[in-house]
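S.K.: Have a look at the structure that comes next, please.
We did not get these values from a lab; they are worked out from the coordinates using the rules stated. Here the structure is a predicted model, which is why all the values come from computation and not from measurement. Neighbour counts are summed over all protein chains in view; Cβ atoms, including those assigned to glycine, are modelled from backbone coordinates with ideal geometry.
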Amino acid sequence: MKKLSLACLFIVLLLSNSYSQKKERPYRCGFVTKDSSELRKNYLEFWNYINAKPGERIASVGCGNGYVEAQIAAFNDNIEWTLQDIDTICLNKTEWAQVLSHHERLKGKPISGTFILLRGEEHITNLKRNYYDRIMMINTYHELSDQKGILIDVKGALQENGLLVIMERMAKRKNEKRKDCGHVMPWEPEMYQKLESLGFKLVQKVNTKGSLTSYTFKPI
């Protein structure tokens, strides 16, 4: 009986600790960076390859709640950000305020920049035309149901010398599916063919230290 009571107590404490951890989560969607050293590590190992420049106008298509963009903004001042997604559960003013506040705490001071929240649609981004220096898709390309339509729309939103940056986990074989979401992973030859047919030219490819590959395209 005593052993059973101790076992029950252990389970209660475990569940209580799990609940406490969930309550302490600083925002609802996406990954949570725990400290300033991890913030810097994430930036150097992944988001630095976006090559964001202070003063640019950057749109992020399918950004979720914007936690990646907050991490980039922590190391690049005075960017005009347009955070775009079709999911308003993750992308909304309350969630974004929590994301920004958390990353400012990690940075130790305010994050500069302008942040515009924009709801997209399945076939159109709703981005401004001929406006952006850089448009990002971070783990978004594989989720697009209308890749052709969105890429055409993105091309029209870029300035003349603007750039499209796609970061994805690429398939090792054709029709390979992701384990986390079940979507088919991009097959690099097909992605190149599609982007080239829509008037994009690859200007840089970088294999990050993690599983993401960064591709930078320019309109031609």
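S.K.: Rank-order 207-218, 60-71 by packing density, defined as the average count of other C-beta atoms within 10 Å over each peptide's residues, highest first. Spell out each step's value before the answer.
M.R.: Numbers: 207-218: 16.6, 60-71: 25.2.
In descending order of packing, they fall as 60-71, 207-218.
S.K.: Taking the Cα-to-Cβ direction at SER211 and at GLU24 and moving 7 Å from each Cα, how far apart do the two end points lie in nm?
M.R.: Going by the 7 Å Cα→Cβ label model, 2.7 nm.
S.K.: Evaluate E = 1/(1 + (r/R0)^6) for TYR131 and LYS172, where r is the Cβ-Cβ distance and R0 equals 25 Å; express this FRET efficiency to the nearest 0.05.
M.R.: It comes out at approximately 0.10.
S.K.: Another one. For the chain, what does the relative contact order come out to in percent, with C-alpha contacts under 8 Å and a separation of six or more?
M.R.: On the way: 376 pairs, mean separation 37.2, N = 220.
Across the chain, relative contact order equals 17 percent.
S.K.: Something else now. Which far-off residues, 5 or more places away or on another chain, put their amide H under 5 Å from the one on MET136, with H placed in the peptide plane?
M.R.: ALA59, SER60, VAL61, VAL165
S.K.: Here's another thing I want to ask about it. Kindly work out what percent of the DSSP beta bridges joining two residues of the chain are antiparallel, to the nearest 5. Working shown, then result.
M.R.: On the way: 13 of 33 bridges.
Restricted to the chain, the bridges split so that about 40 percent are antiparallel.
S.K.: Quick check: the distance between the Cα centres of segment 159-220 and segment 79-135, to the nearest angstrom?
M.R.: The distance from the Cα centre of segment 159-220 to that of segment 79-135 comes to 22 Å.
S.K.: When every alpha-carbon pair in segment 81-170 is counted, what percent end up more than 15 Å apart?
M.R.: Values: 2601 of 4005 pairs.
Value for segment 81-170 (Cα pairs over 15 Å): 65 percent.
S.K.: Can you sort ILE50, ILE116 by how many other beta carbons sit within 10 Å, fewest first?
M.R.: Values: ILE50 22, ILE116 12.
With the fewest neighbours first, ILE50, ILE116 line up as ILE116, ILE50.
S.K.: A follow-up question, please. Angle check, please: helix 188-197 long axis (alpha carbons) against the longest principal axis of the chain (alpha carbons), in degrees 0 to 90, nearest 10.
M.R.: Value to nearest ten degrees: 40.
S.K.: Which one of GLY199, SER211, GLY113 has its Cα pushed farthest toward the positive end of the charge dipole of the chain, where Lys and Arg give +1 and Asp and Glu give -1 at the Cβ?
M.R.: Result: SER211, furthest along the dipole toward the positive end.
S.K.: Would you mind calculating the gained length between ASN161 and LYS109 on full extension (0.36 nm times residue separation, minus the Cα-Cα distance), in nm to one decimal?
M.R.: Numbers: separation 52, 0.36 × 52 = 18.72 nm, distance 3.28 nm.
Full extension from ASN161 to LYS109 adds 15.4 nm.
S.K.: ³J(HN,Hα) across segment 202-217 via Karplus (A = 6.51, B = -1.76, C = 1.60, θ = phi - 60°), whole Hz, x for Gly/Pro?
M.R.: Per residue, the Karplus-derived 3J(HN,Hα) values read 5, 10, 7, 10, 9, 8, 6, 6, x, 8, 7, 10, 9, 10, 10, 10 Hz.
S.K.: If you rank ASP153, ASP35, ASP146 by fewest surrounding Cβ atoms within 10 Å, what's the result? Numbers along the way, then the final one.
M.R.: Values: ASP153 20, ASP35 10, ASP146 13.
With the sparsest Cβ surroundings first, the list reads ASP35, ASP146, ASP153.
S.K.: I've got another one for you. Using alpha carbon coordinates only, what is the Rg to Rh ratio of segment 18-83, with Rh defined as the Kirkwood radius? List each step's numbers first, then the result.
M.R.: Details: Rg = 13.2 Å, Rh = 13.0 Å.
Value, to two decimals: 1.01.
S.K.: Now a separate question. Under the Karplus relation 6.51 cos²θ - 1.76 cosθ + 1.60, θ = phi - 60°, what is the ordered set of whole-Hz ³J(HN,Hα) values for segment 163-170, x standing for Gly and Pro?
M.R.: 10, 10, 10, 10, 10, 8, 8, 8
S.K.: Kindly put TYR131, TYR43 in sequence by how many other C-beta atoms sit within 10 Å of each C-beta, fewest to most.
M.R.: Details: TYR131 16, TYR43 19.
If I rank by nearby Cβ atoms, fewest first, I get TYR131, TYR43.
S.K.: Which residue fluctuates most in the GNM of the chain (Cα springs below 10 Å): ILE124, ILE166, ILE72?
M.R.: ILE124
S.K.: Return the aspartates and glutamates within reach of LYS177: Cα separation strictly under 19 angstrom, same-chain partners fewer than 8 residues apart disregarded; answer none if there are no such residues.
M.R.: Answer for LYS177, where 19 Å is the Cα cut-off: GLU143, ASP146, GLU168, GLU188, GLU190, listed by chain and number.
S.K.: On to the next question. Starting from the amide H of PHE115, placed 1.01 Å from N in the peptide plane, find each other amide H under 5 Å away whose residue is 5 or more places distant or on another chain.
M.R.: TRP81
S.K.: Determine the gain in length on full extension of the stretch LYS53-GLU188; use 0.36 nm per residue of separation and subtract their C-alpha separation, reporting nm with one decimal.
M.R.: 45.9 nm
S.K.: Here is a further query. Considering segment 81-121, what Rg and Dmax in Å follow from its alpha-carbon atoms?
M.R.: 11.1, 36
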